[in-house]
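Participant: There's a structure below that I have some questions on.
Where a number appears in this text, it was derived from the coordinates with a stated rule and is not lab data. Being a predicted model, the structure only gives us computed values, none of them experimental. Heads up, the Cβs are rebuilt from the backbone with ideal geometry, glycines too, and the neighbour counts pull from every protein chain shown.
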Amino acid sequence: MTIEEVDVTIIGAGAAGLSAAGEAARMGARVVLVDDNQHPGGQYFRQPSPQNYKCKSLVSEKDRHRFVQLLKGIDTPLVKYCPGTTVWDIHDQFTIGLADGERSRRIRSAAIVISAGARDHVYPFPGWTLPGVITAGGSQNLIKGMGIAPAAPVVVAGNGPLLLVAAANLVSVGVEVAAVVEASNRPWNIVRHAGKLIHGGSNLGLAIKYLKILYKSKIPFLRGYGVIAAYGSECLSAVDVAPIIRNGKFERSQARRITAKTMVTGMGLTPSLELPRLLGLKETSMPLRGGPNIITNEKMMSSVFGVFVAGDGSSIGGVELSLVEGRIAGINAAIHAGIGASESMQLSLTRDLSAHRRLCKFRSGLERVFMNNVDWYDLLTPETIICRCEDVTWGKLHKCKEKGLITPLQLKAATRIGMGRCQGRNCLGTLAALTSHEGDDPTKEQEMPRTRPPARPILLSELLHEQLPPPELPDDPHLPRQQD
Amino acid sequence: MNANGQLNFRFDGQEIIGYAGESIAAALIASGISATRLSATGMPRGYFCGMGVCWECVVRINGINTARACRQVVEDGMIVETVNAAEKL
Amino acid sequence: MDLPKVADIVIIGAGISGLSVALPIAKAGLSVAVLDKNEPWSDASGANAGTLSIQVKRAEVLSLIYESIERWKRMPEDYGIEVGFGQPGGIRVATTEAEYNQLEKSVEVQKNKGIDVRMLNREAVRQLGPWLGPNVMAGSLCLYDSYSNPLVAGNAMVAGARKLGGVIAGGNRVSEIRRNAMSDIDRFSIKTVSGDIIHASHVVNAAGAWAGEISSMLGVKLPMEVDVNMLTVTEPSPPIFNRVVTHVGGILSLKQLPNGTCLIGGGWQGRGSVSSGTKNIDYERFLHNMRVAADVIPKIRDLHILRTWAGFEAVAPDALPIMGQLGEDDHVWTLGCARGGYSLAPALGARLAEMILNPSKRDTLLQFSPQRFAP
């Protein structure tokens with residue numbers, strides 16, 4: 001019963017993970033590339049899978065080519081690609097617990113690259129739990145991944161460039177979009193930050209393409225507006241939109257109703273942090289990048305020696321940055337594992353670092369274009385669901401706070417918030433925001449429920465097959481303790 | 001399953017058409033079904049994030065375990081049922 | 001939170017032990033302050049499966065367990081609080097020949113002590129629990145085996161004590177305890193790390209994994225070992241089993257709560273230490289724990305595991321509760337210890353409160369006195 005030893009384990013086979021694996025393998029490292037999904041590519045390179053395409057393919061020639069190159073990069077005996085496999089535990093330095101739906105196993109790795117990506121950041125609002133309200137990522141997965149169109153008419157509402165991409169894609173496949181509702185309202189920011197946006201390279205071309213699609217479609221484009229509530233009984237039937245006024249709050253008196261069977265929403269992305277939090281990696285708060293992001297140095301190494309984090313899973317930056325960060329992380333992880341870097345690899349790294357600097361400038365410009373001061377929590381009513389798994393409402397949390405239960409841990413014990421299947425992914429961000437500045441010391445950060453194994457839910461049955469040495473049984477409660 | 005990859009599965013007794021490689025959620029949405037579970041207080045819920053992180057689309061597969069409809073691929077003859085979280089012991 | 005300057009009793013440690021003393025003291029009308037270096041209920045009490053089982057108790061504590069379970073049951077009545085109590089009865093299983101023999105012997109001992117428990121053979125135990133796995137050879141049944149919900153009980157007991165005027169102050173680590181033997185009212189000056197001082201005439205050490213540390217501050221040696229106990233909880237499920245399930249070897253506790261989630265324990269050890277403050281699961285022992293559980297109730301295999309956690313629990317060398325006067329001073333007391341601490345605390349806490357308030361009761365339950373560790 002030996003545990004496999006490898007040089008670099010890469011968690012997540014999206015843009016960042018695939019490029020990290022490719023570079024690490026190029027250096028001669030033994031790589032294990034783990035991914036939860038059955039197919040590589042993550043969100044951006046989500047491959048269409050069904051035989052029957054109900055929608056035209058939306059992948060550009062450039063992306064198709066890039067993806068093929070990425071797959072070529074991992075097509076080597078040095079890379080063991082493990083799809084359909086979840087990382088549920090990491091301990092020591094570094095034993096990684098894997099589970100593939102049937103059985104668990106461990107690998108020992110000298111270095112780790114976490115490239116687990118991001119998810120849509122959604123602020124709760126009245127009616128957000130209705131079937132038919134989906135995220136921008138959810139819409140993209142239906143169209144690009146499954147070739148299925150969501151039910152029309154669709155309202156696309158929220159904040160950030162992804163929404164525009166989602167809206168443009170919906171239009172391209174012929175779905176009726178009733179309105180695009182974007183919270184930010186500072187088009188002059190494009191001019192203001194033009195100096196940064198120039199560094200976007202092909203991103204600029206893409207942005208212009210999407211905007212053209214939307215402009216040509218003549219779909220109502222409401223800037224400086226937001227959805228204040230979604231309505232429906234069994235599923236979504238309409239949404240109310242209202243303008244956002246100076247102080248970031250919503251002018252409800254000017255609300256108007258739009259019929260919709262699907263609402264595609266999102267306020268940008270936020271990194272998926274279960275594994276970084278399991279490892280205790282240092283975070284920093286970046287409001288323009290979905291809140292908590294992982295701190296990395298120029299090697300893409302985190303605060304834990306030997307753990308590298310790259311792509312949207314470290315700090316939101318989009319596919320171009322993910323590809324570059326993946327390469328940087330892959331090279332440095334291999335170096336950490338003791339693999340020497342040749343001169344050509346060093347040169348490659350230098351080029352990547354320079355690309356990284358340029359892309360960061362573009363990112364900085366882009367996020368400022370979509371910047372806004374919206375007070376999304378202004379939308380909360382006592383009935384608004386905060387914890388979707390346990391149906392904990394904002395009103396219930398408020399009542400507990402009035403009874404003196406004000407810290408996240410106290411609220412968790414009192415309401416079960418964060419204790420459902422999503423392991424707090426849907427609600428702990430809101431809980432943190434709603435409990436900050438409470439308690440005696442306003443500068444002291446509230447202790448949040450700790451992330452513990454399993455990093456994602458796994459079936460108990462997956463733990464029954466791994467070969468283990470005989471157990472060290474707990475003490476028999478009927479006997480005095482054994483003296484050592 | 002026929003030559004086109006078309007197959008049939010059941011959702012709460014209703015026969016639904018699916019295609020090889022499709023997720024349960026996609027097949028249901030294509031058939032106009034967006035609600036696939038009842039929450040802790042009986043609210044209808046369904047597909048939300050599409051990438052397996054929100055666990056809203058949980059359904060029961062063949063009467064055994066729960067699975068996320070957005071990730072579980074349809075199989076010919078599969079029995080898919082709503083999970084009712086409001087049903088207490 | 002502002003600490004009062006004086007209290008009749010100061011209790012150090014706001015886990016099940018400390019709170020079980022605080023409630024009756026507060027009800028008797030005395031002023032009590034409970035100090036905890038963390039949030040109340042942070043360690044052993046929170047890393048607990050909540051099993052209140054008579055069957056798994058050692059002979060030495062059987063006389064108290066019925067009373068303690070009754071006190072758990074009566075908390076809504078006595079203190080107006082909900083602790084998630086349930087009394088579904090419990091089945092204790094044996095899965096090997098050796099375990100079968102052990103179980104038989106244990107049941108005899110329990111019966112002799114007046115416990116209402118029955119031995120069930122392979123067919124009989126399956127009639128009661130058709131959800132038991134094929135490897136279960138026999139079981140014993142006690143209809144009084146119960147549980148409370150540790151996730152709820154802590155907050156509830158804190159609220160209950162506060163309602164009676166008790167002060168429960170988390171985030172107040174005790175740094176020093178001074179004795180002024182001359183006075184009775186400020187016999188003790190208890191100082192916290194933030195510099196607050198509270199005076200009391202009695203001190204109760206209910207500090208669990210840190211009881212040894214507090215005991216040293218009081219000039220008494222208390223030999224405690226600290227374990228790291230692991231717990232696991234599953235997703236909610238339609239009903240699978242309807243009894244509290246334990247194991248004759250003590251390696252399993254299983255219960256399905258009213259919300260459908262299954263809580264799995266058994267005393268399997270995680271990793272960590274009080275000095276480092278880390279309390280993590282141990283990979284292999286965790287898997288073994290799950291395998292024992294799945295062997296006893298196979299249907300839980302199909303459930304997703306949502307969460308594991310671990311907490312420090314202090315154990316005395318003889319694995320029995322420690323309760324009574326601590327050292328020479330009859331104003332210093334202690335209560336604690338794993339292996340039944342959670343289930344026995346309400347009874348032991350009430351008895352300790354009685355001892356503190358009533359000197360004539362101080363000659364009882366001496367078998368649990370910390371004196372037994374005196375050199």
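Participant: Kirkwood hydrodynamic radius, the stretch A:122-267, all distinct C-alpha pairs: what's the number in Å?
Facilitator: When all Cα pairs of the stretch A:122-267 are included, the Kirkwood radius is 15.6 Å.
Participant: I've got another one for you. Please give the direction-averaged projected area of the C-alpha convex hull for the stretch A:240-349, in square nanometres with one decimal.
Facilitator: The number I arrive at for the stretch A:240-349 is 10.4 nm².
Participant: Given contacts defined as C-alpha pairs under 8 Å and at least six residues apart, what's the relative contact order of chain A, whole-number percent?
Facilitator: 19 percent
Participant: What percent does the relative contact order of chain C come to when contacts are Cα pairs within less than 8 Å and at least six residues apart?
Facilitator: 23 percent
Participant: Here is a follow-up. Summarise the long-distance tail of P(r) for the protein assembly as shown by giving the % of C-alpha pairs beyond 38 Å.
Facilitator: 49 percent
Participant: Ok, one more. Quick check for you: which residues of the stretch C:348-375 have the amide N under 17 Å from the point 7 Å beyond the Cα of C:Glu70 toward its beta carbon?
Facilitator: C:348-352, C:354
Participant: Right, something else. How large is Rg over Rh for chain C, taking Rg from the Cα atoms and Rh as the Kirkwood inverse mean of 1/r across Cα pairs?
Facilitator: 0.98
Participant: Before anything else, pin down the relative contact order of the stretch A:381-452: Cα pairs under 8 Å, at least 6 apart, normalised by residue count, whole percent.
Facilitator: Result for the stretch A:381-452 is 28 percent.
Participant: So, one more: Over chain A, what is the percentage of antiparallel beta bridges among all DSSP beta bridges, to the nearest 5?
Facilitator: That works out to approximately 50 percent antiparallel.
Participant: Using only the alpha-carbon atoms, how far is helix C:16-27 inclined from the longest principal axis of chain C? Give it as 0 to 90 degrees, nearest 10.
Facilitator: Relative to chain C, helix C:16-27 is tipped by roughly 60 degrees.
Participant: If you take every DSSP beta bridge whose two residues both sit in chain C, what share of them, in percent to the nearest 5, is antiparallel?
Facilitator: Given both bridge residues lie in chain C, the antiparallel proportion sits at roughly 70 percent.
Participant: Now for a separate question. What GluC sites (Glu not before Pro) in the stretch A:235-308 are in a loop by DSSP, with at most 11 other Cβ atoms within 10 Å of the Cβ?
Facilitator: A:Glu298
Participant: Separate question: If the cut-off is 19 Å between C-alpha atoms, which aspartates and glutamates fall inside it for C:Lys57, apart from same-chain ones fewer than 8 positions away?
Facilitator: In chain and number order, the partners are A:Asp475, A:Asp476, C:Glu67, C:Glu70, C:Glu99, C:Glu104, C:Glu108, C:Asp116, C:Asp145, C:Asp227, C:Glu313, C:Asp318.
Participant: Okay, next question. Over all pairs of distinct alpha carbons, what does the Kirkwood formula give as the hydrodynamic radius of the stretch A:279-325, in Å?
Facilitator: Radius from the Kirkwood sum: 10.7 Å.
Participant: Enter the mean number of other protein chain beta carbons within 10 Å of the beta carbon of each residue in B:69-76, as an integer.
Facilitator: The shielding value for this peptide is 2.
Participant: Can you compute the helix-only [θ] at 222 nm over chain A? Use -39500 (n - 2.57) per DSSP H run of at least 4 residues, normalise by all residues, nearest 500 deg cm²/dmol.
Facilitator: Per the formula, -9000 deg cm²/dmol.
Participant: Right, something else. How would the stretch A:381-452 be classified by its alpha-carbon gyration tensor: rounded, prolate or oblate, with rounded meaning a/c under 1.5 and the a/b versus b/c comparison settling the rest?
Facilitator: Here the stretch A:381-452 falls in the oblate category.
Participant: For a footprinting-style exposure proxy, rank A:Glu23, A:Glu234, C:Glu39 by other Cβ within 10 Å, fewest first.
Facilitator: By the 10 Å Cβ count, ascending: A:Glu234, C:Glu39, A:Glu23.
Participant: Along Cα→Cβ, 7 Å out, is where each label goes; now give me the distance between the ones at B:Arg10 and B:Asn62 in nm to one decimal.
Facilitator: About 1.4 nm, to one decimal.
Participant: Let me ask something else. Any aspartates and glutamates with Cα under 18 Å of the A:Lys212 Cα? List them, leaving off those in the same chain fewer than 8 positions away.
Facilitator: A:Glu176, A:Glu182
Participant: Cut-off is 10 Å between beta-carbons; in what order do C:Trp333, C:Trp41, A:Trp128 appear when sorted fewest neighbours first?
Facilitator: A:Trp128, C:Trp333, C:Trp41
Participant: Mean Kyte-Doolittle of at least -0.5 and a Cα length of 15 Å or more along the axis: which whole DSSP H helices of chain A meet both?
Facilitator: Sorted by number, the helices that extend far enough and score high enough are A:15-26, A:161-172, A:202-217, A:318-336.
Participant: Order by neighbour count: B:Phe11, A:Phe305, fewest other Cβ atoms within 10 Å first, most last.
Facilitator: A:Phe305, B:Phe11
Participant: Another one. Using +1 at the Cβ of each Lys and Arg and -1 at the Cβ of each Asp and Glu in chain A, identify which of A:Ile213, A:Phe362, A:Thr415 lies farthest towards the dipole's positive end.
Facilitator: Looking along the dipole axis, the top candidate is A:Ile213.
Participant: How much mean residue ellipticity at 222 nm does chain C get from its helices, if each DSSP H run of length 4 or more adds -39500 (n - 2.57) and you divide by all residues, to the nearest 500 deg cm²/dmol?
Facilitator: Per the formula, -8500 deg cm²/dmol.
Participant: Between helix C:97-112 and chain C, what is the angle of the helix's C-alpha long axis to the longest principal axis, kept within 0 to 90° and rounded to the nearest 10?
Facilitator: Around 50 degrees separate the two axes.
Participant: Another question, if that's okay. Can you return the aspartates and glutamates within cross-link range of A:Lys412? Criterion is Cα-Cα under 14 Å, with same-chain partners fewer than 8 residues away left out.
Facilitator: Straight-distance partners of A:Lys412: A:Glu390, A:Asp391, A:Glu447, C:Glu39.
Participant: If packing is taken as the mean number of other Cβ atoms within 10 Å per residue, what is the order of C:144-155, C:180-191, highest first?
Facilitator: Answer by packing, highest mean first, reads C:144-155, C:180-191.
Participant: Something else now. How well do other chains shield peptide C:257-269, expressed as the mean number of their Cβ atoms within 10 Å of each residue Cβ?
Facilitator: So the per-residue partner count for this stretch is 3.
Participant: Kindly identify the stretch B:6-84 as rounded, prolate or oblate by the Cα gyration tensor criterion: order the square roots of the eigenvalues as a ≥ b ≥ c, call it rounded if a/c is under 1.5, otherwise compare a/b with b/c, prolate if a/b is larger, else oblate.
Facilitator: prolate
Participant: What distance in nm separates the simple spin-label points at A:His465 and C:Asp184, each placed 7 Å from Cα in the Cβ direction?
Facilitator: 7.2 nm
Participant: Can you give the helix-only mean residue ellipticity at 222 nm for chain B, where every DSSP H stretch with n ≥ 4 adds -39500 (n - 2.57) and the sum goes over all residues, rounded to the nearest 500 deg cm²/dmol?
Facilitator: Calculated at 222 nm, the ellipticity per residue is -2000 deg cm²/dmol.
Participant: Need one number: % antiparallel among DSSP beta bridges in the stretch A:122-267, to the nearest 5.
Facilitator: Around 40 percent antiparallel, to the nearest 5.
Participant: Taking a ≥ b ≥ c as the square roots of the eigenvalues of the Cα gyration tensor of chain A, is the shape rounded (a/c under 1.5), prolate (a/b larger than b/c) or oblate?
Facilitator: Because a/c hits 1.5 or more and a/b fails to exceed b/c, chain A counts as oblate.
Participant: Compute the Rg to Rh ratio over the stretch C:72-120 from the alpha carbon atoms, using the Kirkwood formula for Rh, and round to two decimal places.
Facilitator: 1.19
Participant: Once you average over the residues of C:233-240, how many Cβ atoms of partner chains fall within 10 Å of each Cβ?
Facilitator: 5
Participant: Would you mind checking the tilt of helix C:341-357 against the longest principal axis of the Cα atoms of chain C, expressed as 0 to 90 degrees and rounded to 10?
Facilitator: Relative to chain C, helix C:341-357 is tipped by roughly 30 degrees.
Participant: Another one. Starting from the Cα coordinates of the stretch A:221-282, work out the convex hull volume and express it per residue in Å³.
Facilitator: Cα-based convex hull of the stretch A:221-282, divided per residue, equals 151 Å³.
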